[in-house]
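Peer 1: Below: one structure in structure tokens.
The values are calculated or read from the model by the stated rules, or taken from the named source; none is laboratory data. Bear in mind that the values here come from a model prediction, so they are computed numbers and not experimental data. Using ideal geometry, Cβ is built from the backbone for each residue, glycine included, and neighbour counts are taken over all protein chains shown. Surface accessibility is based on the protein's heavy atoms, side chains included, excluding ligands, DNA and RNA. Shrake-Rupley method; radii C 1.70, N 1.55, O 1.52, S 1.80 Å.
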Amino acid sequence: DHVEWSEEQEANARSKVEENSSQLLPQDKQEDYEVNAKRYWDGFYQIHENGFFKDRHWLFTEFPELAPQRSTSQEKDSGHGFNNKGESNNEGLRSCENGHCSLEGKAGDELNLMESTPGSCREELAPQKYHELKGKDGDYPGSSASYRVLEVGCGAGNTVFPILQTNNDPGLFVYCCDFSATAVDLVQSNAEYDPSRCFAFIHDLCNDQSPFPMPDESLDVVILIFVLSAIHPEKMQSVVSRLSRLLKAGGMMLLRDYGRYDLAQLRFKKGQCLSANFYVRGDGTRVYFFTQGELDDLFTTAGLEKIQNLVDRRLQVNRGKQMTMYRVWIQCKYCKPAAPQL
């Protein structure tokens, strides 16, 4: 854990990226992956349903803002970095299909960070129409809650359900969205789905005209776990800025995503690169690999202040195959400042 890379190792990684990005896909194919992004992610969930990703119980260690007991000290950066408990028991990759990698082993819940579900970009809003959701007094789902959390790109619910199971705060309300109707159906059909505590809806992050079910400045937390990387780089800033407007003063945006030179990036072959550090997998889904500076620019441009921005470099060993695998992830916490006093 927290492996330091040598100059030679970083140079080799840079060389592999230069090689696999030397041949870009033709523009017409790039446009197809953008226009039909929803179809590709629907296909992913139709194949894997909820069997690919494990529930993320590590959330409460890395992001205590989501834990049952919230305190002032918890809401600030704990400074401990990334939790390492139990990871030595992990034996390596369970599967790595079309560039989607998941892990198994006793530490699987925590280590299964490298893939989440995209909130990506095509499709309209919600299973219900919003005029049906609002009450006579202009209420909205979760309007009476005292602590509101939105997970963007919820997939099959592997983040949402651990939150609902672990956090028994009666004032908690969790929103979750994905632009894949198949993913949202999986969440709503889960036995743990409780409409009194949770609202799942279809949403296209890249469509500025697609409304959210909650008003601006109403959320305490927005969660982005391996979601931003699935969006076209040119659309990332508008997505982050729009999500920022949903946060209350003092609200937090929490992110975990791919870092530059992660194993998944180095494994891409020529002909899978869309643009610098942006690739398409064999199943048509896409992924970007970030630097800390890029993420900091996105969040600060959206008016947020940095609480945490860390790189997590890990060495994983598959003893059976005698393989070593270097993973690179970035974890961020950014806060919406209070309005200045007049």
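Peer 1: Quick one: how many Å² of Arg197 are accessible to a 1.4 Å probe, rounded to 10?
Peer 2: Answer for Arg197: close to 50 Å² accessible.
Peer 1: What accessible area, in Å² to the nearest ten, does a 1.4 Å probe give for Asp32?
Peer 2: Result for Asp32: roughly 50 Å² accessible.
Peer 1: Using 0.36 nm per residue of separation minus the Cα-Cα distance, give me the extension gain between Thr324 and Gln9 in nm, one decimal. Before the final figure, lay out each step's value.
Peer 2: Values: separation 315, 0.36 × 315 = 113.40 nm, distance 1.30 nm.
Result: 112.1 nm gained on full extension.
Peer 1: Once label points are set 7 Å from the Cα along Cα→Cβ at both Asp32 and Ala67, what is their separation, rounded to one decimal in nm?
Peer 2: 4.9
Peer 1: If you count only protein heavy atoms and use a 1.4 Å probe, how large is the accessible surface of Lys270, to the nearest 10 Å²?
Peer 2: Ignoring ligands and nucleic acids, Lys270 comes out at about 120 Å².
Peer 1: Ranked by accessible surface with a 1.4 Å probe, highest first, in what order do Val35, Val17 come?
Peer 2: In descending accessible area the options line up as Val35, Val17.
Peer 1: Leaving ligands and nucleic acids out of the surface, order Arg14, Arg56, Arg313 by accessible area at 1.4 Å, largest first. Could you put the intermediate results ahead of the total?
Peer 2: Values: Arg14 100, Arg56 5, Arg313 75 Å².
Ranking Arg14, Arg56, Arg313 by accessible area, largest first, yields Arg14, Arg313, Arg56.
Peer 1: Efficiency by 1/(1 + (r/R0)^6): what FRET value for Glu18 and Glu294, r their Cβ-Cβ distance, R0 = 22 Å, to the nearest 0.05?
Peer 2: Values: r = 18 Å, r/R0 = 0.83.
My answer for the efficiency is 0.75.
Peer 1: Of all the accessible heavy-atom surface of region 138-277, with the other protein chains kept in place and a 1.4 Å probe, what percent is carbon and sulfur? Don't jump to the answer; show the numbers that get you there.
Peer 2: Numbers: 1960 of 4240 Å².
Here carbon and sulfur together make up 46 percent of the probe-accessible area.
Peer 1: Which shape class, rounded, prolate or oblate, goes with region 135-270 when its Cα gyration tensor gives a ≥ b ≥ c as root eigenvalues, a/c under 1.5 marks rounded, and past that a/b bigger than b/c marks prolate?
Peer 2: Values: a/c = 1.81, a/b = 1.48, b/c = 1.22.
The shape class here is prolate.
Peer 1: Obtain the nm distance between the two label points defined at Gln237 and Asp216 by a simple spin-label model: each point lies 7 Å from its Cα along the Cα-to-C-beta direction.
Peer 2: 1.9
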